[in-house]
Amino acid sequence: MNKALLTTLLTISCFAPMTARAVTLSNDGVTVQIDDARGTFTVTDREADRVWRPDPWLNWAGVLNVKKGDQYIWWNLSSAQDIRIIKHGDQAVEIVYENEPGTSEKSGWRVRTKVELLPDEAAFSINLLEVKVSGGCWASSLQYPIRPFSLKTDVDRGAAVIPFWQGLVIPSYIFPMNGGRFCMWDDAQHQAGAQGELRYYNWDGLTMPWFGTHDQRSAVMAVVPYDGSIAMQWIANYNNSDYIAKNEFRRSKYPRIVSLTPVWRVNEVTPETQLTYHALPGGNHVTMAKRYRRISKENGLFVSLKEKAQKNPDVAKLKGAIYTGIYGGYPHYVNLPGMAFTFDQLDGMVRDMHDELGVDHAFIHAWGTFSNYAPVMWPISEELGGEKKLKRVVDRVKDYGWLYSSYHSFVSLLEHDPNFNIDLAPKDDQGRPLLRGRWKAVDEDRWADLAKATLPKEMAVIGQNADVTDIAFTGKVDEGGRRLADYLATTGLVLGTERGNEWLVPQYCVFEGLVAAYRQHALIRYSHWAPLFNLVYHDAVVNYGKIQDPNQLTNAHTGDYYVKSLRAMLHGDGPMVFFAPYEYEGVRPYIKFAAKTLGPLHERTAFEELVDHAFLSPDFLVQTSRFGDGTHVTVNMGPTPFGQDDDAMPPYGFRVVRPDGNAITGRFQHRAVVDGEEIDF
């Protein structure tokens with residue numbers, strides 16, 4: 001389709017009036033009307049009496065993206081020469097969008113979908129039954145329905161809800177914030193970066209397979225398959241102005257919207273692949289998360305920490321445990337000067353934490369105990385002290401009632417390793433090694449065998465009670481990755497992993513981060529953190545921060561120590577520090593504070609459901625949460641007091657109300673000392 005014709009179609013479609021003709025499906029909770037001229041959906045949440053209308057930009061049903069040679073083309077389903085709606089009883093319809101060859105697109109195409117109401121629920125499903133194109137074209141994806149359940153910016157007061165990282169919300173309205181931040185926030189929404197795409201189960205994608213929008217009356221939540229075959233395109237208060245200005249030399253006449261569009265990967269879906277929309281009257285981000293929690297339990301993904309502790313009592317040691325990552329330069333280097341620790345030094349830090357800093361619960365993760373590079377996690381380094389001295393450390397940790405794991409990676413190949421084994425790399429179809437990124441370079445079919453070759457030896461010598469396996473599960477894995485996870489689950493160790501993925505929840509107890517939050521991503525410019533993952537899985541897995549973004553260090557995306565600690569209290573995450581041995585003296589105050597304040601709170605709430613969460617202040621910085629045992633946590637993550645009199649929240653303040661009604665209050669405070677004079681601010 002040439003640009004002139006596309007522009008004409010866009011303009012005509014934008015101002016075309018909606019037809020009143022429609023085929024209707026309805027049950028007690030939801031009504032779905034399909035326009036028989038355009039194939040678009042109008043959905044009514046019957047209990048909320050909220051009508052969600054179709055695409056607010058162009059009134060399109062969807063867009064089919066195809067490739068012809070080197071050319072990328074997209075076709076508007078609503079412009080199809082023939083749109084047919086075929087009823088299958090009272091609760092389902094089939095929709096056919098079809099163009100014969102020789103029409104304006106010059107290539108024939110047909111898309112068939114099925115829409116069906118779910119019995120006894122305010123919900124409906126969509127299946128993609130067929131996509132067929134001719135004329136030498138190849139169909140890549142289908143945006144369908146396109147821009148549904150949208151919110152018009154500063155007209156509809158609500159938010160998009162996306163399980164990205166821990167979770168986030170994108171408000172559909174202007175709200176007060178720091179002037180400098182407001183400049184960046186508002187400017188970003190007028191640029192092409194205000195839209196993007198996420199897939200479930202990816203390095204930097206959705207952490208759970210759902211997303212949705214809500215206003216003050218109703219929420220609609222989409223649930224997509226676990227295989228990642230349906231992605232999600234997000235629009236954050238944008239009106240396509242950048243594209244239109246550059247290509248059509250005019251300003252956009254579309255409304256700015258917040259919208260989430262399902263993107264079907266045509267070559268990955270089957271007729272059984274299903275997208276389900278749930279209408280949730282009066283719902284918000286919490287309602288969506290709790291609805292998905294039910295789905296997770298039905299699908300067998302949810303296994304509680306209490307159940308895991310019944311099978312392995314060591315799991316209970318996670319309650320209040322400070323995740324203490326001690327980085328000795330490994331796995332990047334073996335015995336790196338200035339970074340490596342001896343086992344005597346490791347023992348000294350462990351004793352000091354217990355005897356001097358008052359740490360009652362900890363998870364010690366020692367990075368650098370082997371004499372070989374990954375993926376060969378053996379033997380234990382004699383240069384650092386040998387097996388007996390490391391066993392002394394592990395025995396002490398266990399005597400304290402703590403957990404211990406050395407660093408493990410069974411998937412990495414580092415080019416400076418003197419024992420670099422290229423035979424461990426995967427092979428192409430001609431038998432040549434495929435050398436990819438160094439951290440995930442081993443053939444996936446070899447992962448479990450490498451673990452089996454060394455981990456039992458380590459367990460026999462030092463008797464650790466936990467395992468943290470790095471890197472392996474940071475992105476999508478195939479059967480080899482699942483075999484590694486299954487093998488580790490047979491060891492009887494308390495299992496943890498970097499960048500936890502949802503499919504690991506039944507077997508794993510510890511996630512060191514959900515995704516690399518220290519990395520730049522466009523979504524952070526438009527959104528606020530919300531504990532979506534913890535609203536589903538808080539009592540199933542203990543979440544800690546990411547080691548590249550430890551609590552004691554400031555990060556532009558996640559905040560300073562104050563904000564990270566307040567967020568951990570609010571979300572129910574465990575306290576963590578990550579440091580090189582030479583930094584230990586500097587992090588001792590952080591460990592001591594965690595032992596006195598953060599740890600005891602986590603000890604009470606670690607195995608409890610995160611029941612509720614709410615934003616209290618217009619700037620989203622004052623928030624509250626409630627746990628299953630009745631503990632309430634309220635925090636102020638900003639520099640401005642909030643509230644009046646006895647209920648006022650000080651800057652960077654917190655209030656924890658225990659189930660018995662007793663409260664703990666406090667605040668973080670910056671302090672400068674100039675020539676002996678102390679200045680608080």
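Identify the residue in region 252-267 that is not basic (K, R) and not in a loop (DSSP other than H, G, I, E, B) and, among all such residues, is farthest from the chain's Cα centre (by Cα).
Ranking the candidates gives I257 first.
Residues that are in a loop (DSSP other than H, G, I, E, B), surrounded by fewer than 17 Cβ atoms within 10 Å (Cβ to Cβ), aromatic (F, W, Y) and at pLDDT 95 or above: does region 324-334 have at least one?
Yes, region 324-334 has at least one match.
Being in contact (Cβ under 8 Å) with a residue 40 or more places away in the chain, in contact with a Phe, Trp or Tyr (Cβ under 9 Å, 6 or more places away or on another chain), part of a loop (DSSP other than H, G, I, E, B) and aliphatic (A, V, I, L, M) narrows it down to one of V155, V161, so name that one.
So the residue among V155, V161 that is in contact (Cβ under 8 Å) with a residue 40 or more places away in the chain, in contact with a Phe, Trp or Tyr (Cβ under 9 Å, 6 or more places away or on another chain), part of a loop (DSSP other than H, G, I, E, B) and aliphatic (A, V, I, L, M) is V155.
Right, S141: farther than 25 Å from T640 by Cα, of a type in the set (S, T, N, Q) and part of a loop (DSSP other than H, G, I, E, B) or not?
No, not satisfied.
When region 21-54 is examined, which residues are found to be among the acidic types (D, E), in contact with an Asp or Glu (Cβ under 9 Å, 6 or more places away or on another chain) and crowded, with 17+ Cβ neighbours inside 10 Å?
Of everything in region 21-54, nothing turns out to be among the acidic types (D, E), in contact with an Asp or Glu (Cβ under 9 Å, 6 or more places away or on another chain) and crowded, with 17+ Cβ neighbours inside 10 Å.
Please state which one of D573, D549 is closer than 27 Å to V468 by Cβ, assigned by TED's automatic domain parsing to the domain that holds M353, of a type in the set (D, E, K, R) and surrounded by 23 or more Cβ atoms within 10 Å (Cβ to Cβ).
D573
Considering only residues that are touching a Leu at 6+ places or on another chain (Cβ under 7 Å) and either in a loop (DSSP other than H, G, I, E, B) or farther than 24 Å from A123 by Cα (or both), which ones fall in region 213-224?
Listed by number, the residues that qualify are D215, V224.
Of the residues V397, V477, which single one is modelled with pLDDT under 95 and of a type in the set (A, V, I, L, M, F, W, C)?
None of the others qualify; the one that does is V477.
Out of (1) in contact with a Gly (Cβ under 9 Å, 6 or more places away or on another chain); (2) farther than 30 Å from P171 by Cα; (3) modelled with pLDDT under 95, what's the single condition that is false for G586?
That leaves (1) as the condition not met.
Cβ-Cβ under 8 Å, sequence separation 6+ or interchain: first residue in region 567-587 and under 21 Å from L336 (Cα atoms), partner of a type in the set (S, T, Y) and assigned to a helix (DSSP H, G or I). Which pairs?
V577/Y590
Does D478 count as assigned by TED's automatic domain parsing to the domain that holds V393, within 29 Å of the chain's Cα centre (by Cα) and touching a residue at least 24 places away in the same chain (Cβ under 8 Å)?
So D478 fits the description; yes.
Does at least one position in region 268-277 carry a residue that is assigned to a helix (DSSP H, G or I), of a type in the set (A, V, I, L, M, F, W, C) and out of contact with any Gly (no Cβ under 6 Å at 6 or more places or on another chain)?
There is no residue in region 268-277 that is assigned to a helix (DSSP H, G or I), of a type in the set (A, V, I, L, M, F, W, C) and out of contact with any Gly (no Cβ under 6 Å at 6 or more places or on another chain).
Pull up region 488-499, narrow it to residues that are more than 14 Å from S409 (Cα to Cα) and among the hydroxyl-bearing types (S, T, Y), then point me to the one that is surrounded by the fewest Cβ atoms within 10 Å (Cβ to Cβ).
Across region 488-499, the extreme among qualifying residues is T490.
What pairs can you find where one residue is in region 87-100 and closer than 22 Å to V63 by Cα and touching a residue at least 12 places away in the same chain (Cβ under 8 Å), the other is assigned to a loop (DSSP other than H, G, I, E, B) and of a type in the set (A, V, I, L, M, F, W, C), and their Cβ atoms are less than 9 Å apart, with a gap of 6+ or different chains?
Hits for this filter: I95/A61; V96/A80; Y97/A61; Y97/A80; E98/A80; N99/A80.
Return the total of residues in region 292-323 being of a type in the set (G, A, S), touching a helix residue (DSSP H, G or I) at 6+ places or on another chain (Cβ under 6 Å) and in a loop (DSSP other than H, G, I, E, B).
The number of residues fulfilling the criteria is 1.
So which residues in region 472-497 are in a helix (DSSP H, G or I) and touching a Leu at 6+ places or on another chain (Cβ under 9 Å), if there are any at all?
If the condition is that a residue be in a helix (DSSP H, G or I) and touching a Leu at 6+ places or on another chain (Cβ under 9 Å), then L484, A485, Y487, L488, A489 are the ones that fit.
Taking region 273-324, which residues are touching a residue at least 12 places away in the same chain (Cβ under 8 Å), of a type in the set (D, E, K, R) and within 16 Å of S125 (Cβ to Cβ)?
R291
Could you pull out every one of the strands (runs of 3 or more DSSP E) wholly within region 557-646 that has 2 or more residues that are farther than 20 Å from H354 by Cβ?
Those strands (runs of 3 or more DSSP E) span 610-615, 622-627, 632-636.
Assess whether H285 counts as being closer than 14 Å to P209 by Cβ, crowded, with 22+ Cβ neighbours inside 10 Å and in contact with a helix residue (DSSP H, G or I) (Cβ under 7 Å, 6 or more places away or on another chain).
no
Contact list please: Cβ distance under 8 Å, first residue in region 644-673 and over 18 Å from T631 (Cβ atoms), second residue among the small types (G, A, S), pairs at least six apart or on different chains.
Correct list of pairs: P651/G638; Y652/G638; R667/G653; F668/S565; F668/G653.
Considering each residue of region 460-475, count those that are under 12 Å from E387 (Cβ atoms) and hydrophobic (A, V, I, L, M, F, W, C), and give that number.
3
For T640, state whether it is under 26 Å from Y173 (Cβ atoms), modelled with pLDDT under 95 and not assigned by TED's automatic domain parsing to the domain that holds A594.
Criteria met by T640.
Can you report the number of residues in region 172-212 which are assigned to a helix (DSSP H, G or I) and small (G, A, S)?
Residues meeting the conditions: 6.
Out of M184, M208, I need the residue that is surrounded by fewer than 17 Cβ atoms within 10 Å (Cβ to Cβ), aliphatic (A, V, I, L, M) and outside the structural domain of T474 (by TED's automatic domain parsing). Which one?
Only one candidate passes the filter, namely M184.
Restricting to region 367-382, give me the number of residues that are under 34 Å from the mean Cα position of the chain (by Cα) and either of a type in the set (V, I, T) or in a loop (DSSP other than H, G, I, E, B) (or both).
Looking only at that region, the number is 9.
The values are calculated or read from the model by the stated rules, or taken from the named source; none is laboratory data. Worth saying up front: this structure is predicted, and the values here are computed from it rather than measured. Methodologically, a virtual Cβ is constructed for each residue, glycine included, from the backbone with ideal geometry; neighbour enumeration extends over all protein chains shown.
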